[in-house]
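What follows is a short report on a single structure.
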Amino acid sequence: MTAKDYDVAVIGGGLLGSSIAWGLGKLGQRVAVLDEGDIAKRASRANFALVWVQSKGLGMPDYMAWTMRASQGWSRLAEELRDHTGVDVSHSRPGGFHLALSERELAQRADMLRRLHNQPGAVETGVESLDREQVRRMLPQIGPEVVGGAYCPHDGHVNSLRFLRALHTGLKLFGVDYLPERPVAAIARAGGEFRLSTPRGEVRAKKIALAAGNANMDLAPMVGLDAPMAPTRGQILVTERVAPFLRHPLATLRQTDEGTVMIGDSKEEALDDRVQNIGVNAVMADRARRYFPMLGRLNIVRSWSGVRVMTRDGFPIYEESKTHPGAFVACCHSGVTLAPNHAYDIAAMIAQGALDEGRVGAFSARRFAAPGEAAKSHW
């Protein structure tokens, strides 16, 4: 396959770019994925692997509907990946919790959920506030400090590393060319095609999809687009394996299919992911122990920090270029949650050569240029 044979070049081989490329490959498009390769500091490294609905969309009800659509599409995506690649991504949708350790926390959560629900155009997510006894019936291991929480039946989780493996296995089976060690330094459009400059030569394609996470900030202006990002750093703790005790994921804690427990709810402006804030780790571990006292007996076997992909208001950006027809940009924090939408909806729009304004118009970067920028979402 020569460079000129590509219908679409997807820049970025993480969960977002791979989901889009998988969807394009499924549609029979000739696709190249340009990626930094194994040296990439992927957002996937700091991914908590939730498929999360509750709390999404405060300030943008369209995001509630977009997230619900994704949650409902996950079973299909997981099944197709398993059937096509043999890789089980361990998708589970048992419903998820956000727990409160004080009446004040519980009241604040209930107030936020009311405001979310009362927005014009909000969709029904089935989220409800539960008292301690209602929570205890579903989470019998909770500690005495837990006073209640919020529950959403559409929340779930996956094995995100296995998910990335399944996507890349699927890319190969669809004939998609994965091109590592090719970070894009420059993009030009000439003769009806895009020419992408990389350290290992030029790649050409009729269309391009920018899905390079925070690097979209630099790439988007090359094709007349805007990607206003505000990345943050998060830290994650992982315990030793323990017998299954937690079927329902929490917003900040979940037991994986492998038996480990992941803990992580930090958010820092510092972007150096080579170090960790030990004080933050201590707070996260203590709060997890207060939720489930049994965790106090477990060893932490791994911990790390990672830089999250985050747009300036926390909501996704999907945009096509007016000055460079055929150029698209996709930015989002929820690469796991929104994967079905990227694999099925966004990929189909890119294949057709135009975004559907009726479906994704609310996520245009144009919103940042208008007065009254959308309120920050709860990431």
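Annotation: G149 fulfils all but one of (1) under 22 Å from the mean Cα position of the chain (by Cα); (2) outside any loop (DSSP other than H, G, I, E, B); the unmet one is (1).
Out of all the residues in the range 213-245, which are in a loop (DSSP other than H, G, I, E, B), of a type in the set (A, V, I, L, M), under 30 Å from L271 (Cβ atoms) and modelled with pLDDT of 95 or more? Within the range 213-245, L225, A227 meet the criteria. Considering the range 248-340, the qualifying strands (runs of 3 or more DSSP E), each wholly inside and each with 3 or more residues that are at pLDDT below 95, run over 300-308.
Of all the numbered requirements in (1) modelled with pLDDT of 95 or more; (2) loosely packed, with under 15 Cβ neighbours inside 10 Å, A190 misses one, and that requirement is (1).
Does at least one position in the range 64-75 carry a residue that is among the basic types (K, R) and surrounded by 15 or more Cβ atoms within 10 Å (Cβ to Cβ)? Show your work before the answer.
Pass one, the range 64-75, residues among the basic types (K, R): 69.
So of that shortlist, the ones also surrounded by 15 or more Cβ atoms within 10 Å (Cβ to Cβ) come out as 69.
For the range 64-75, residues among the basic types (K, R) and surrounded by 15 or more Cβ atoms within 10 Å (Cβ to Cβ): present.
The values are calculated or read from the model by the stated rules, or taken from the named source; none is laboratory data. Note that the coordinates shown come from a computational prediction; the quantities given were computed from them, not determined experimentally. Quick reminder, even Gly has a Cβ in these numbers, built from the backbone with ideal geometry, and neighbours come from all protein chains shown.
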